[in-house]
């Protein structure tokens, strides 16, 4: 991590073998839930492990729209305030570190993407694609075109 920060490298986090895979065998849940879950675990470990605090120049991108990070950031901050466990390696609330993540656009929903952009800021949301894989075949309407149905 120190070398990546020193080189001003951009690190993109993508899961390979997801947590809880044995419970996610049905319904393609290993991808639908497992990938965003593992993205979230990596982000949480980076925050609560003090990695981002120790390496303030580190740039980390989270695929799958950041997993559950943008939607649970308040829970992380609250947990840090009221519980001792999140404070073991982290001297301050995780909010400044959460605000440093970059996110891709792979949410497959215009409404969810709008929430992400509003939450993280447009400068922290990067165009992403699942092409050529099967999850990359949907199309979203351009911004401002109406409801976020997938085509």
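Against the list (1) under 30 Å from residue 6 (Cβ atoms); (2) free of Cβ contacts under 8 Å to residues at least 40 places away in the same chain; (3) crowded, with 17+ Cβ neighbours inside 10 Å, the condition residue 24 fails is (1). Here the condition is being at pLDDT 95 or above and touching a helix residue (DSSP H, G or I) at 6+ places or on another chain (Cβ under 7 Å); of 60, 88, 82, it holds for 60 alone. Scanning region 48-80 for residues that are on the phi > 0 side of the Ramachandran plot, buried (at least 21 other Cβ atoms within 10 Å of the Cβ) and part of a loop (DSSP other than H, G, I, E, B) gives a single hit, 67. Could you go through region 14-37 and let me know if any residue there is touching a helix residue (DSSP H, G or I) at 6+ places or on another chain (Cβ under 6 Å), within 16 Å of residue 97 (Cα to Cα) and part of a helix (DSSP H, G or I). Within region 14-37, none of the residues are touching a helix residue (DSSP H, G or I) at 6+ places or on another chain (Cβ under 6 Å), within 16 Å of residue 97 (Cα to Cα) and part of a helix (DSSP H, G or I).
Of the residues in region 81-96, at least one is touching a residue at least 12 places away in the same chain (Cβ under 8 Å), over 10 Å from the mean Cα position of the chain (by Cα), crowded, with 20+ Cβ neighbours inside 10 Å and farther than 19 Å from residue 133 by Cα. Just so you know, in region 102-119 the residues that are touching a helix residue (DSSP H, G or I) at 6+ places or on another chain (Cβ under 6 Å) and either part of a helix (DSSP H, G or I) or free of Cβ contacts under 8 Å to residues at least 40 places away in the same chain (or both) include one that is nearest to residue 63 (Cα to Cα), and it is 116.
The values are calculated or read from the model by the stated rules, or taken from the named source; none is laboratory data. Because the structure is predicted, anything quoted here is derived from the model rather than measured. Note that each Cβ is placed from the backbone with ideal geometry, even for glycine, and that neighbours are counted across all protein chains shown.
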